[in-house]
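Here is the structure we will look at.
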Amino acid sequence: MKWMSKPRPSTWLGIIGGGLMFCQLILIGLAHVQLAARTSGQELMRAQVQRLGLSDICIATEARYIRHLAVTDQVAPFMDHPLALEYFPSGSLWAPVISSR
Amino acid sequence: MGPGYLISLRRQRNLLDFALGSLWRARWKNGGIVVVFSLVIFIIASFRLMVAGLEQASTAVLATVPDITVQRLVAGRQMPVPLWWVEESGAVFGIRSIKPRVWGYYFHETSGANFTIIGVEDFPGGEPLPGVAMQAVSADEQVEENQFSPVVLGQAVHQMLALGDRVNVSLFRPDLTLKGFSVVGLFAPQTGLVTDDLMVMAIDDARDLFALAPHNATDLLISVPNPLEVDTIAQKLMAKLPGSRVITKAQIGKTYNAAFGWRSGFGMICLIGTVAAFVILAWDKAAGLSPEQRREVALLKTLGWQTGDVMAIRFMESLVVCVVAFLVGTGLAWAHIVFTDGFLFKPLLLGWSVLRPSLSPVPVIRFDDVLIIFVMSVVPYLAATIVPAWRGAMIRADATL
């Protein structure tokens, strides 16, 4: 009969779900390929950190306490008070250094 | 017929087919929910993956930070360290080396960017800087070069100064006199995560640029061969050096773990707000049963379906929506991080920085990250739809028909 040859909805779900998972695995694979290509860069960075005595990674350069979070004045972030309102956009994504000690 | 579990599986598959048919009948409504839900999961997953990428990169790169950094605090502010602290610290047993360092920020008025100046001992001689190809200076430039101090620049600084092929650059001292530098090397582009805003020079040149007294440094970097002794040595240094602030390697690691933690910042609160808004939408959509849906449930019950069967159908519908949205949302998040380096969150992370380091936060996939994304998105949706589903399944057939 004709209706029997038609795939069941659950078969379609399996095909679509499988396809999505396959796409995701490809993307995760690509991410890991990118990471593998950076291994030599990380070796260099570790050597530079050791040679220059660096303490922080360079993400945002707008505020001194975000650029050098680990060695900044303890009262510098969040406008000189840990509970004061932070006005730098990048500051909203970082925890104040005082809370980590 | 077959074994019991096979019959049960067939039954579940039939129920799933029915649930999919039911979803398909209201495809515009359910399609809308899948799209919105995918976007919510995309935002949560992108944020989590980006933070995980930064966390992993910082952990990997900052593995070699100094064992102990000694600063001097006066009235809560960081002040220059007197060099007699070097001899004083040297008396503590268990220290391998003590290096004074001068560093600080230079505001480049033309571009509005902040550079990090680092002055180290044994530069440009001594141990070579890793990842820096030192440039040979031509004979014509030799004479001129003697008047200029050597400096190594990060890639972003080099671009910001728009030097092109030129090698000489002048910076202002505090009294507005000019100090000339000759660029002798650039940090390799793949090391931008730690070097993009750096200008590395000899310690005396940095002192000269900042007009710092010759007997002062910004901080001391102390190397301790035995990691078990770091805390003890740190305590001894604090006792020995009045007004000192001693930062250990473990504290720097802790700072970065907390900085990128889920609890940090307002970003997470915004994301929780997004999930809450979506849960309200999901509740509203699931609670408002149309007359057709009520009639459908009533008919099914008349045909002998139990309340549990109707609930199973509703649960499967929710689960299908969740799983499809989860796969689409997380897939888009991976694409967002892998292909665009997280361009949606990057402006927030960089803020008003004029000098924008090249950032590419790709994480290694970890089960706990996937679990966090799943728990933050799928569980609230299932929880929001379960009560309306139960209410819908409790419809009395005789009253509805």
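The values are calculated or read from the model by the stated rules, or taken from the named source; none is laboratory data. Remember, it's a predicted structure, so these values are computed and weren't measured experimentally. Note that we place each Cβ from the backbone using ideal geometry, even for glycine, and neighbour counts take in every protein chain shown. Quick note on the areas: whole protein, heavy atoms, side chains included, nothing else; ligands and nucleic acids left out. Shrake-Rupley method; radii C 1.70, N 1.55, O 1.52, S 1.80 Å.
The figures follow:
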{"quantity": "Residue among B:L198, B:L228 that alone is farther than 30 Å from B:A45 by Cα and open to solvent by less than 10 Å² (accessible area, probe 1.4 Å)", "calculated": "B:L198"}
{"quantity": "Residue identified as part of a helix (DSSP H, G or I) and either more than 7 Å from chain B (Cβ to nearest Cβ) or open to solvent by less than 20 Å² (accessible area, probe 1.4 Å) (or both) among A:Q42, A:Q48, A:Q34, A:Q24", "calculated": "A:Q48"}
{"quantity": "Among (1) in a helix (DSSP H, G or I); (2) in contact (Cβ under 8 Å) with a residue 24 or more places away in the chain; (3) surrounded by fewer than 16 Cβ atoms within 10 Å (Cβ to Cβ) - the single one B:V379 does not satisfy", "calculated": "(2)"}
{"quantity": "Set B:P130, B:P100, B:P66: member being open to solvent by less than 30 Å² (accessible area, probe 1.4 Å), at pLDDT below 85 and within 11 Å of another protein chain (Cβ to nearest Cβ)", "calculated": "B:P130"}
{"quantity": "Among residues of the range B:281-330, those that are closer than 30 Å to A:M21 by Cα and either without any contact (Cβ under 8 Å) to a residue 60 or more places away in the chain or of a type in the set (D, E, K, R) (or both), counted", "calculated": "7"}
{"quantity": "Only listed residue being of a type outside the set (V, I, T), open to solvent by 50 Å² or more (accessible area, probe 1.4 Å) and closer than 21 Å to A:L35 by Cα, chosen from B:R396, B:R366", "calculated": "B:R366"}
{"quantity": "Residue among B:L348, B:L344, B:L319, B:L359 that alone is more than 30 Å from B:R294 (Cα to Cα) and at pLDDT 85 or above", "calculated": "B:L344"}
{"quantity": "Output for the range B:151-195, where each listed residue is open to solvent by less than 20 Å² (accessible area, probe 1.4 Å) and part of a helix (DSSP H, G or I)", "calculated": "B:A156, B:V157, B:T191, B:G192, B:V194, B:T195"}
{"quantity": "Residue in the range A:6-16 that is in contact with a Lys or Arg (Cβ under 9 Å, 6 or more places away or on another chain) and open to solvent by less than 50 Å² (accessible area, probe 1.4 Å) present", "calculated": "yes"}
{"quantity": "Qualifying position, being more than 7 Å from chain A (Cβ to nearest Cβ), in a loop (DSSP other than H, G, I, E, B) and either touching a residue at least 60 places away in the same chain (Cβ under 8 Å) or not hydroxyl-bearing (S, T, Y) (or both), among B:V354, B:V362", "calculated": "B:V354"}
{"quantity": "Top-ranked residue in the range B:294-314 [being β-branched (V, I, T) and more than 13 Å from B:L15 (Cα to Cα); ranked as least open to solvent (accessible area, probe 1.4 Å)]", "calculated": "B:V297"}
{"quantity": "Unique match (being assigned to a helix (DSSP H, G or I) and free of Cβ contacts under 8 Å to residues at least 40 places away in the same chain) among B:A52, B:A60, B:A45", "calculated": "B:A60"}
{"quantity": "Selection from the range B:138-167 of residues that are at pLDDT below 85 and either over 29 Å from B:K99 (Cα atoms) or outside the structural domain of B:I203 (by TED's automatic domain parsing) (or both)", "calculated": "B:S138, B:A139, B:D140, B:E141, B:Q142, B:V143, B:E144, B:G164, B:D165"}
{"quantity": "Failed item in (1) at pLDDT 90 or above; (2) open to solvent by 40 Å² or more (accessible area, probe 1.4 Å); (3) touching an Asp or Glu at 6+ places or on another chain (Cβ under 9 Å), with B:F107 passing the rest", "calculated": "(3)"}
{"quantity": "Subset of the range B:334-351 (residues that are at the interface with another protein chain (Cβ under 9 Å from one of its Cβ atoms) and part of a helix (DSSP H, G or I))", "calculated": "B:W334, B:A335, B:I337, B:V338, B:F339, B:P347, B:L348, B:L349, B:L350"}
{"quantity": "Among (1) farther than 19 Å from B:L221 by Cα; (2) open to solvent by less than 10 Å² (accessible area, probe 1.4 Å) - the single one A:R67 does not satisfy", "calculated": "(1)"}
{"quantity": "One residue from B:S89, B:S58 being among the hydroxyl-bearing types (S, T, Y) and within 11 Å of another protein chain (Cβ to nearest Cβ)", "calculated": "B:S58"}
{"quantity": "The range B:315-333 - residue that is within 11 Å of chain A (Cβ to nearest Cβ) and among the β-branched types (V, I, T) and, of those, surrounded by the most Cβ atoms within 10 Å (Cβ to Cβ)", "calculated": "B:T330"}
{"quantity": "Conditions (1) assigned to a loop (DSSP other than H, G, I, E, B); (2) open to solvent by less than 40 Å² (accessible area, probe 1.4 Å); number of the one not met by B:P124", "calculated": "(2)"}
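Let's see how each residue does on (1) within 13 Å of chain A (Cβ to nearest Cβ); (2) of a type in the set (A, V, I, L, M, F, W, C):
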position	(1), (2)
B:F210	no, yes
B:P214	no, no
B:P242	no, no
B:I252	yes, yes
B:A259	yes, yes
B:V275	no, yes
